[in-house]
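Visitor: If you scroll down you'll find the structure; I have some questions about it.
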Amino acid sequence: MRTHRTKLLAIIFFALPLFLVAVLNVAPAKVAASVPDEPSVEFKAKCAMCHTATASKFYDPAKTDEHHVQAILKGQKGEKPPFMPGFEAKGMTVETATALAAYMRTLRPAAN
């Protein structure tokens with residue numbers, strides 16, 4: 001009788017929790033990645049640290065969007081380091097760069 005009780009206790013204390021963990025183990029919900037086509041998210045993640053939140057540094061709104069898209073994709077050397085890296089090698093597309101350039105223009109429009 002004592003061995004049956006020991007077996008029952010072993011099942012309750014060891015096997016039952018393992019069973020519950022296996023059954024109730026739910027994969028953690030994946031956090032939705034930021035929408036890559038959302039220019040404000042891209043700007044905050046990749047640009048704001050150097051250009052500031054209002055695009056007031058190292059950004060000339062008088063230049064064309066094509067210039068800005070090429071600078072975003074290929075990078076650009078300035079007067080002194082750190083230089084702007086190219087984001088095309090990091091997976092940024094022309095469409096995303098174009099949207100980002102247009103978004104930066106809304107942050108700091110060209111002076112008239």
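Visitor: How much area per residue is accessible in the chain when the probe is 1.4 Å and only protein heavy atoms are counted (Å²)?
Guide: 78
Visitor: Related question: On C-alpha positions alone, give me the angle between the axis of helix 94-107 and the longest principal axis of the chain, in degrees, nearest 10.
Guide: 70
Visitor: For Leu16, Leu24, give the ranking by accessible area with the largest first, probe 1.4 Å.
Guide: Leu24, Leu16
Visitor: For Gln76, list long-range residues whose amide hydrogen, built 1.01 Å from N in the peptide plane, is under 5 Å from its own amide hydrogen.
Guide: Distant-sequence amide H within range of Gln76: Met84.
Visitor: For q values of 0.14, 0.16 Å⁻¹, compute log₁₀ I(q)/I(0) with the Debye formula on a Cα-only model of the chain, without solvent.
Guide: With one equal scatterer per Cα and no solvent, log10 I(q)/I(0) is -0.63, -0.76.
Visitor: May I ask you to evaluate 6.51 cos²θ - 1.76 cosθ + 1.60, the Karplus curve with θ = phi - 60°, for each residue of the stretch 44-58 and list the ³J(HN,Hα) values in order in whole Hz, giving x for glycine and proline?
Guide: Values per residue, Gly and Pro as x: 5, 6, 10, 10, 4, 5, 9, 8, 6, 5, 9, 6, 8, 10, 6 Hz.
Visitor: Further question: Taking 0.36 nm per residue of separation and subtracting the Cα-Cα distance, what length does fully extending Phe19 through Ala89 add?
Guide: Computed gain between Phe19 and Ala89 is 20.5 nm.
Visitor: Got a sec to turn the phi values of the stretch 65-76 into Karplus ³J(HN,Hα) couplings, 6.51 cos²θ - 1.76 cosθ + 1.60 with θ = phi - 60°, whole Hz, x for Gly and Pro?
Guide: Rounded to whole hertz, the list is 5, 4, 4, 5, 4, 5, 5, 5, 6, 9, x, 7.
The values are calculated or read from the model by the stated rules, or taken from the named source; none is laboratory data. Just so it is clear, the structure is predicted and the values come from calculations on it, not from any experiment. Keep in mind that these areas ignore ligands, DNA and RNA; they rest on the heavy atoms of the full protein, side chains included. Shrake-Rupley method; radii C 1.70, N 1.55, O 1.52, S 1.80 Å.
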